[in-house]
Structures are given as C-alpha cells and as structure tokens.
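J.: Next up is a structure, given as structure tokens.
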Amino acid sequence: FQHYTSADNCRSAFKAPLEPSTALGGFSGNNYSEASAFIITYPVNNVVEKEGNETERAVAWEKAFIDLAKNELLPMAQSQSLTLSFSSESSIEEELKRESTADAITIVISYLVMFAYISLTLGDTPRLSTFYVSSKVLLGLTGVVLVMLSVLGSVGFFSAIGVKSTLIIMEVIPFLVLAVGVDNMCILVHAVKRQPLELPIEGRVSNALVEVGPSITLASLSEVLAFAVGSFIPMPACRVFSMFAALAVLLDFLLQVTAFVALIVFDFLRAEDRRVDCFPCLKISSPNTDSDKGTRVRRPGLLARYMKEVHAPILGIWVVKIVVIAIFAAITVASIALATRVEPGLEQQIVLPRDSYLQGYFKNVSEYLRIGPPLYFVVKNYNYSSESNQTNQLCSISQCDSNSLLNEIARESLRPESSHIAKPAASWLDDFLVWVSPEAFGCCRKFTNATYCPPDDQPPCCSSGSGSCGLGGLCKDCTTILEFWQCFRHADLNNDRPSTMQFKEKLPWFLSALPSADCAKGGHGAYTGSVELQGYENGVIQASSFRTYHTPLNKQRDFVDSLRAAREFSSRVSKSLKMEIFPYSVFYMFFEQYLDIWRTALINLAIAIGAVSLVCFVITWSLWSSGIIMLVLAMIVIDLLGVMAILDIQLNAVSVVNLVMSVGIAVEFCVHITHAFTVSIGDREQRVKEALGTMGASVFSGITLTKLVGVIVLCFSRTEVFVVYYFQMYLALVLLGFLHGLVFLPVVLSIFGPPSRCKLVEKQEDRPSVSLRP
C-alpha cells in the first residue's frame with residue numbers, strides 16, 4: 001500500500017496509479033491494510049443529446065446489472081458470508097416508481113375510513129329503529145364522488161395542456177381535496193339541521209347557505225389562493241403540486257355549492273319521506289305522523305351543547321384567558337427558536353420503500369466509504385497562448401502563480417471540515433507541462449517521421465509477450481538519436497512553457513499517452529474526458545476540468561454545505577483570476593434546490609398568508625377580522641415549523657408543499673368561528689358563546705375529527721416518507737389547528753374581537769328608514 005503509485009498490480013486497466021480510498025473502505029487514516037470493504041465502479045457513458053439510443057443503452061445496461069446483482073451476485077456473496085450492496089444511477093428513480101404502489105392499500109383504507117366517518121357524522125344521532133332512514137351513507141358517497149370528479153378534472157385539464165403529474169399528486173391530492181371537501185359537506189349539512197323544521201327543505205337549505213355560505217366561500221377561496229401562490233415556487237415538484245391542488249379545490253368548491261346542495265335537498269326529502277338510505281325505492285311506514293311538524297324543534301347535539309354550555313364558559317374566565325394567551329405566545333416564541341434548527345434536505349432512506357435494496361447501499365456508503373463524490377472544477381475558455389498568463393494562473397508546479405486555481409484548491413484541502421475538499425486536484429495541465437519538460441525522460445518523444453513515440457516499456461517499443469524491450473526494435477531511433485529523445489530542449493521552451501504551436505501540437509499526444517513505469521505522466525484514461533479539444537486550435541480550450549474529491553458526505557446537510565462551499569470558492573477564485581470557473585459534482589443538480597429553500601419557503605408562506613388575509617378582507621370587508629385570522633395562521637405555521645424541528649423533519653420540496661398547504665387548511669379552523677362571531681348579536685362573550693355553539697361543533701366533528709381519522713391510518717404506511725411527511729406533519733397540523741381554532745381564537749375574539757356586523761347593518765338600515773317617514 002505504501003507503493004501503490006508505482007506497483008504494477010495496483011494500477012488500473014489503463015495503467016494509471018489507483019487511489020486506495022476510491023477502491024477500499026472501512027479503514028482509519030492511511031491504514032489501508034485495515035480495510036474491511038472494497039468498492040467496484042463501472043462508469044457508463046451518458047450523453048446530453050437525446051438523439052440516438054445512447055441513453056437507452058445505458059439504462060438497459062443498468063437494468064441488466066441490477067438484475068444480475070439481485071439474482072446472482074447477492075446470493076453468491078451471502079454464501080461466502082459477505083455483504084454486498086449495489087446501486088446504479090437510475091436505481092432511485094426505479095425504486096420510487098415501485099414505491100408508488102407500495103402504499104396503495106394504506107391510502108385506500110384512509111379514504112374508506114374518512115368515507116365511513118362522513119356517513120356517520122352527516123347523519124343524526126344513531127338509533128337502531130331509525131338508522132336506516134336517518135343515516136347519510138348515500139349523501140356521503142355522492143360527496144366523495146364529487147371530490148373524485150374535481151381531482152379528475154384537475155388532472156385532466158393539466159394533462160391536456162402538457163403538465164405531467166407526479167407521485168405526490170396522484171397519492172396526496174385526492175386525500176387533500178377529500179379532507180377539505182368533507183369539511184364543507186359537514187358544515188352545510190349541520191347548518192341545514194339547525195334550521196326550523198316548519199320551513200320547507202328548500203327554505204332550510206337557503207337559510208343554511210346564507211348562514212355558512214360566506215365562510216365556506218372564504219375558506220375555499222383562501223385555500224385556492226394559498227395553493228395558487230405555491231405554483232410560483234421554483235421547485236418543479238412544489239409548483240406542479242400547487243397547480244393541481246388549486247384547481248382541484250376550486251372545482252370541488254363549485255361542485256359543492258351547486259351539485260351537493262341539490263343532493264342535500266334530495267336526501268332530506270328522502271329521509272322525511274322515510275325512504276331507506278342507499279335504497280330510496282324502499283319506503284318504511286311509521287305509526288308516528290308528522291302532523292306536529294310545525295311545533296317540533298330539533299334539539300342541539302351533545303357536542304354543540306358542550307361547546308356552548310361548557311367549553312365557552314371555561315374560556316370566558318379571565319384567568320383562563322390570560323393562561324391561554326401566555327401559553328400560546330410562549331409556544332410561538334419557542335417555535336421561532338426551534339425553527340432555526342430545521343435542516344434542508346431529504347434523506348434517501350426516507351423516500352425509498354423500507355424493503356428496497358438501496359437501504360443497505362446507503363447505509364454501507366455512510367459507514368465504510370472514506371472519500372466522497374468526485375468534484376470537478378471546470379474552467380471555460382482557457383487561453384493557452386504564449387501571450388496569455390492563464391497557464392500560470394491555473395497550474396501548481398514551479399513558476400506558477402501562488403494564488404493559482406490548483407494552489408488554492410490545495411489550500412482548501414488543508415481545511416476539509418469547512419471546504420469539504422478531501423485532497424488537491426488531479427491536474428491535466430500540471431502533468432502535461434511535466435510530460436513535455438526535458439527533465440521527463442522517456443515521456444514526450446518522437447519518431448523520425450515526427451509522430452509520437454511511446455515509452456520503451458509500451459508497445460510497439462516493447463512486446464509484453466516477447467520481453468523485447470530496451471534499445472532495439474521499432475523505437476531504436478527514439479532512444480539512441482539525441483534529436484528524438486525528447487520533444488523539446490530547454491532552449492525550445494519559454495520559461496519552461498511551450499509556445500502556442502507546441503502546446504497545440506503536443507496536447508493530443510499527451511491525452512493519448514498511456515502511463516507506465518517509464519513515464520507515469522501519460523494522460524490517457526486519467527484525463528481523457530478532462531479537455532474539450534473541439535476548436536482548441538485557435539489557442540483557446542473551451543472547457544477543461546480539474547478533478548478532486550469531496551470529503552465523505554453522510555448527511556443531507558453535508559451535501560448542501562459542500563455545494564455551497566464549492567460555489568463560494570469558485571466565485572472567489574473566478575473574481576481573483578478573472579476567469580470563468582464553476583464546480584460540478586453528480587449530486588449538485590439535485591441539491592441545488594436546498595441552497596435557497598429557506599428563502600423560498602418563507603417568501604411563499606408570507607405571500608400565502610398575506611393573500612389569504614386579503615381574500616378575508618375583500619369578502620368580510622373587515623380589516624379587524626382579517627388581521628386576527630392572519631395572526632392565527634402565522635402562529636399555526638410557526639408552531640408547525642417548531643414541531644418539524646422537534647421531530648427532525650427536514651425542509652424540502654415535500655415539507656414546503658405541506659407548509660404552504662397548511663395555510664389553506666388552517667383557514668378552515670379560523671374562518672368559520674370568526675365569521676360566526678361577526679354575525680352574532682350581543683357583547684363579545686355572548687358572541688363567542690354563540691359562535692362556538694353553532695360552528696364549534698362543526699369545526700370539531702366536521703373538520704378536526706374528519707382529518708384526524710384519515711391521517712391516523714397513514715401511520716401504518718410501508719414507506720417512511722408517508723409516515724414522516726404526511727402522518728406526522730398532518731397530525732401536527734390538525735392538532736395545532738384545533739387548538740388555535742377552538743381555544744386560542746375564541747379567547748382572542750372575546751378580548752379583541754371586531755364589532756358585530758348585525759349592529760352595523762341595523763344602523764345602516766335605520767338611517768334611511770327614519771328619513772323616509774312622512
């Protein structure tokens with residue numbers, strides 16, 4: 001291991017020295033003999049252009065490799081008590097496709113549980129004798145059908161204009177729209193039930209729409225606007241999800257205030273005619289008649305009585321008010337501090353199915369690898385002409401600038417904890433300048449016909465089978481004639497640098513020269529893809545790269561920090577050298593989204609909350625109410641960020657979507673209570689009591705519990721991403737919305753609530769009535 005740079009058996013297939021850390025793992029320091037793992041890498045050619053079938057061939061090769069590794073190599077390794085883990089560039093994409101079906105049953109069960117709860121909560125208090133008439137299974141089913149139609153309408157519209165759907169869209173949006181749609185269904189049906197029974201069903205539905213229609217419209221438009229704001233997020237997954245969700249929620253709202261209202265009328269007519277739910281053709285006769293219908297009044301439910309007679313009076317106690325405000329304010333302040341601990345990223349292990357073969361691969365990479373991904377510093381438009389000083393601005397050998405690119409990279413590698421650069425860069429330019437140097441005997445030689453002559457230990461100078469190496473054979477002239485021993489003498493070079501013509505002529509020789517014991521500086525293999533030769537004859541190399549390695553990157557934060565450090569370093573060196581230099585590593589394209597994800601998330605959340613408040617102001621025409629709603633929404637989002645920090649939930653495309661979505665969903669917990677408060681009569685305490693009595697029960701049973709029963713099922717998901725980003729975040733959102741909507745908001749309204757709109761209307765109506773009297 002100490003002589004790995006020269007030992008023949010430690011060289012790669014193209015005879016170049018092999019870096020031990022790229023092939024061995026599990027050792028400490030430079031103790032390579034302690035290695036407990038080894039790595040094999042098969043590079044597969046990829047192309048930028050889509051023409052031809054090169055990409056398809058690479059993907060087909062990877063697919064065949066994975067099949068071979070699963071079916072043959074893995075059993076072979078296990079039979080020898082070895083651990084084998086493997087991956088290809090397309091593995092994550094393929095495993096995500098498999099994941100799309102892994103939780104299909106869980107999601108369907110969640111939908112069924114929500115549907116069952118809808119059917120129960122829409123109906124009256126269950127009684128065995130009347131359950132088959134008073135239940136609302138058919139009404140709930142039609143409501144679910146309307147939700148599915150709205151989702152299909154959204155998917156169909158965007159598919160028609162060429163916007164492709166994603167995994168999140170197909171699995172999450174139906175759940176989201178169902179959760180939002182169920183709220184409106186419950187509120188509408190409960191409002192109809194609160195109307196006097198002496199009114200015809202059409203009158204009851206009309207009064208119900210007058211009572212809850214504005215708050216439903218306000219909540220739905222706020223949700224649509226919150227999602228529409230998300231369509232401006234630069235991350236494609238967030239943008240596409242927000243577009244689909246905004247249209248789906250809008251279509252669902254339009255269907256609910258039209259088709260579902262008509263279905264409510266039909267269902268109540270069915271129940272009053274004592275026809276069986278789901279089988280309306282069957283009519284049940286009853287000895288009791290409805291002759292006293294005009295005198296009957298529907299008694300409020302147990303939950304409504306609790307809200308009005310227990311919950312509201314407790315919140316009305318001044319000591320309780322002070323404690324509630326203090327606790328919620330403290331939680332918000334603590335959440336602001338905790339939010340700074342939320343890290344950007346998305347662990348691959350969370351996204352993948354738990355039984356994926358990549359789970360073991362990522363675990364072993366984190367545990368055994370002692371070096372990170374390759375890092376390339378790409379230099380554009382390098383001028384190698386004699387008149388330019390850019391060669392000395394890049395190289396790191398003698399007579400190069402002290403602040404050259406390669407010297408700066410070497411300095412950065414001395415502080416790997418902040419730069420995330422493991423070692424100095426492998427430089428084709430340094431090796432080329434050494435290769436053409438007169439001191440490098442046996443490297444740059446030529447035949448008598450001025451063509452390249454390889455070292456004596458390589459064909460055709462040396463045949464590996466015959467052992468005829470040395471002064472004889474085809475390369476005799478290169479070895480014995482002084483003029484051809486070397487390409488240049490010191491007098492031929494200018495300060496040991498080749499001229500423009502010499503550089504242009506000898507660079508292709510260098511890139512095709514195989515390294516060997518006689519000349520280890522050959523560039524073939526190590527630098528074959530490092531220089532773009534197209535158009536280099538003009539004295540400018542359009543693009544070239546210098547390869548180094550990142551330090552081991554085990555956490556998502558390491559990937560993000562390494563990308564940020566590489567970009568900051570490139571920007572600084574580019575300004576210093578006045579050259580265009582940028583870094584590249586294979587993971588940069590994916591992790592680039594996390595550089596500004598905090599800024600993106602905060603801007604979109606601020607816009608969403610502001611837009612929702614603007615909608616509230618336009619519909620209610622009350623800046624007072626809009627300000628209170630905006631305050632509560634901001635507190636819910638901040639507290640949700642605090643929960644993310646406690647649960648170690650990272651900030652990524654999925655969680656940003658959830659945060660933007662939380663603004664729309666949190667509106668449900670605030671708007672209905674606030675609207676009921678503004679249209680009630682009396683002082684603030686009385687209006688809070690009335691608002692909780694009328695809408696509190698609907699918010700709890702129709703919004704909180706509906707979402708809760710659907711979310712709890714997701715904890716049984718086979719995929720960690722559903723457990724973390726949908727079960728945990730949705731559960732936290734529902735609980736925070738419930739606490740803020742039914743505890744904190746009533747207290748705030750009882751102290752700082754806006755005046756009743758009924759009083760304002762009465763005053764406006766009284767003035768003209770007085771002036772019109774004769």
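Every number in this text was worked out from the coordinates using simple rules, so none of it is lab data. Just so we're clear, the structure is a prediction, and the values are computed from it rather than from any experiment. Methodologically, a virtual Cβ is constructed for each residue, glycine included, from the backbone with ideal geometry; neighbour enumeration extends over all protein chains shown.
J.: For an R0 of 51 angstrom, estimate the FRET efficiency from the Cβ-Cβ distance between Ile336 and Phe441 and round to the nearest 0.05. Working shown, then result.
T.: Working: r = 68 Å, r/R0 = 1.34.
Taking R0 as 51 Å, the efficiency between Ile336 and Phe441 is 0.15.
J.: Could you work out the local net charge near Val734, counting Lys and Arg as +1, Asp and Glu as -1, over the other residues with Cβ closer than 14 Å to its Cβ? If you can, show how the numbers build up before the last one.
T.: On the way: positive: Lys707; negative: Asp183, Asp639, Glu668.
Spelling it out: positives minus negatives among the neighbours equals -2.
J.: In whole Å, how far is the Cα centre of the stretch 560-590 from that of the stretch 421-464?
T.: Result: 31 Å between the Cα centres.
J.: Continuing with the same structure: How charged is the neighbourhood of Ser574? Take every other residue with its Cβ under 14 Å from the Cβ of Ser574, and add Lys/Arg as +1 and Asp/Glu as -1.
T.: On the way: positive: Lys380, Arg567, Arg572, Lys575, Lys578; negative: Glu408, Glu568, Glu580.
So the surrounding residues net to +2.
J.: While we're here: Between Cys281 and Val378, what is the label-point separation in nm under the 7 Å Cα-to-beta-carbon projection?
T.: Placing both labels 7 Å beyond Cα along the Cβ direction yields 7.0 nm.
J.: Hey, another quick one. Once you mark the GluC sites (Glu not before Pro) that are in a DSSP loop and have at most 15 other Cβ atoms within 10 Å, what is the longest gap between them in the chain?
T.: Value returned for the longest uninterrupted segment is 533-774.
J.: Return the long-range amide H neighbours of Ala37 (sequence gap of 5 or more, or a different chain), with a cut-off of under 5 Å between placed amide H atoms.
T.: When sequence neighbours closer than 5 places are left aside, the close amide H contacts are Gly25.
J.: Still on this structure: Let me know the longest stretch in the chain that avoids all chymotrypsin sites (Phe, Trp or Tyr not before Pro) found in a DSSP loop with at most 12 other C-beta atoms within 10 Å. Please report the intermediate quantities before stating the final value.
T.: Working: sites that count: Phe14, Trp621.
In short, 15-620.
J.: While we're on this one: Just to verify a number: FRET efficiency for Ser90 and Ile646, C-beta to C-beta distance, R0 = 41 Å, to 0.05?
T.: Values: r = 36 Å, r/R0 = 0.87.
Once rounded, the FRET efficiency stands at 0.70.
J.: Expected output is a single nm value to one decimal: the length gained when fully extending between Phe716 and Val44, i.e. 0.36 nm times separation in residues minus the C-alpha distance. What is it? Walk me through the intermediate numbers first.
T.: Values: separation 672, 0.36 × 672 = 241.92 nm, distance 3.89 nm.
Length gained, Phe716 through Val44: 238.0 nm.
J.: Something else about it: Lys and Arg at +1, Asp and Glu at -1: add these up for the other residues within a Cβ distance under 13 Å of Leu533 and post the number. Don't skip to the end; give the middle numbers.
T.: Working: positive: Lys504, Lys506; negative: Glu505, Glu532, Glu537.
Value of the local net charge: -1.
J.: So, one more: Please determine, in degrees from 0 to 90 and to the nearest 10, the orientation of helix 500-512 with respect to the longest principal axis defined by the Cα atoms of the chain, where the helix direction is its Cα long axis.
T.: 80 degrees
J.: In the stretch 335-409, if the dipole is taken from +1 on Lys/Arg beta carbons and -1 on Asp/Glu beta carbons about the Cα centre, which of Ser388, Gln349, Ser404 is farthest to the positive end?
T.: Gln349
J.: Between Arg572 and Glu72, what length comes free when the chain is fully extended (0.36 nm per residue of separation minus the Cα-Cα distance, one decimal in nm)?
T.: Details: separation 500, 0.36 × 500 = 180.00 nm, distance 4.97 nm.
This chain segment gains 175.0 nm when fully extended.
J.: Starting from the amide H of Ile233, placed 1.01 Å from N in the peptide plane, find each other amide H under 5 Å away whose residue is 5 or more places distant or on another chain.
T.: Close amide H contacts, sequence-distant or interchain: none at all.
J.: Still on this model: Convert each backbone phi in the stretch 698-713 into a coupling constant with the Karplus relation 6.51 cos²θ - 1.76 cosθ + 1.60 (shift: θ = phi - 60°), then list the ³J(HN,Hα) values in order as whole Hz, x for Gly and Pro.
T.: Working through the residues one at a time gives 5, 5, 6, 7, x, 10, 5, 5, 4, 5, 5, 5, x, 6, 4, 4 Hz.
J.: Taking 7 Å along the Cα-to-C-beta vector as the label spot, tell me the Lys164-Val113 distance in nanometres, rounded to one decimal.
T.: A separation of 3.3 nm, rounded to one decimal place.
J.: Let me ask something else about it. Can you give the angle from 0 to 90° between the axis of helix 54-68 and the longest principal axis of the chain, with both taken from C-alpha atoms, to the nearest 10?
T.: Result, in degrees: 80.
J.: How far apart, in nanometres, would the label points at Ala262 and Leu595 be if each is projected 7 angstrom from Cα along the Cα-to-Cβ direction?
T.: Between Ala262 and Leu595, the label points sit 5.4 nm apart.
J.: Using a cut-off of under 18 Å, list every residue of the stretch 554-597 whose amide N is near the label point 7 Å from the Cα of Asn403 along the Cα-to-beta-carbon line.
T.: Under cut-off, by backbone N: 568-582.
J.: Where the only charges are on Cβ atoms (+1 Lys, Arg; -1 Asp, Glu), what is the dipole of the chain about its Cα centre, to the nearest 20 debye?
T.: Working: 61 positive and 69 negative charges, 520 e Å.
About 2500 debye.
J.: Still on this model: Between His490 and Tyr584, what FRET efficiency follows from the Cβ-Cβ distance if R0 is 41 Å, with the result rounded to 0.05?
T.: Values: r = 37 Å, r/R0 = 0.91.
With R0 = 41 Å, the Cβ-Cβ based efficiency is 0.65.
J.: Apply the Karplus parameterisation 6.51 cos²θ - 1.76 cosθ + 1.60, with θ equal to phi minus 60°, to every residue of the stretch 304-311 and state each ³J(HN,Hα) to the nearest whole Hz, in sequence, with x for glycine and proline.
T.: Per-residue couplings from phi come out as 5, 5, 4, 4, 7, 9, 10, 4 Hz.
J.: Would you work out the Kirkwood radius for the chain? I mean one over the mean of 1/r across all pairs of different Cα atoms, in Å.
T.: Numbers: mean 1/r = 0.0315 Å⁻¹.
Taking every pair of different Cα atoms in the chain, averaging 1/r and inverting gives 31.7 Å.
J.: Let me ask you something else. Using only helices, what value at 222 nm comes out for the chain when you add -39,500 (n - 2.57) per DSSP H run of length 4 or more and divide by the total residues, to the nearest 500 deg cm²/dmol? Could you put the intermediate results ahead of the total?
T.: On the way: 32 runs with 414 residues, N = 774.
Roughly -17000 deg cm²/dmol at 222 nm, from the helical runs in the chain.
J.: Lysines within cross-link reach of Lys308: Cα-Cα under 18 Å, excluding same-chain residues under 8 positions apart?
T.: Leaving aside lysines fewer than 8 places away in the same chain, those within reach of Lys308 are Lys193, Lys321, Lys689.
J.: Work out from phi, with θ = phi - 60° and the Karplus expression 6.51 cos²θ - 1.76 cosθ + 1.60, the ³J(HN,Hα) of each residue of the stretch 450-456, listed in order in whole Hz, and give x for Gly and Pro.
T.: Whole-Hz 3J(HN,Hα) from phi for the stretch 450-456: 6, 9, 5, 10, x, x, 5.
J.: Moving to a separate point now. Which angle between 0 and 90 degrees, to the nearest 10, do you get for helix 201-230 versus the longest principal axis of the chain when only C-alpha atoms count?
T.: Tilt of helix 201-230: around 20 degrees.
J.: Further question: So how much slack lies between Ile105 and Ile603, counting 0.36 nm per residue of separation and subtracting their Cα-Cα distance, in nm? Spell out each step's value before the answer.
T.: On the way: separation 498, 0.36 × 498 = 179.28 nm, distance 3.65 nm.
Length difference between fully extended and current span is 175.6 nm.
J.: While we're here: Check which residues have an amide H placed less than 5 Å from His550's amide H, if you skip close sequence neighbours.
T.: Distant-sequence amide H within range of His550: Gly372, Leu375, Ala422.
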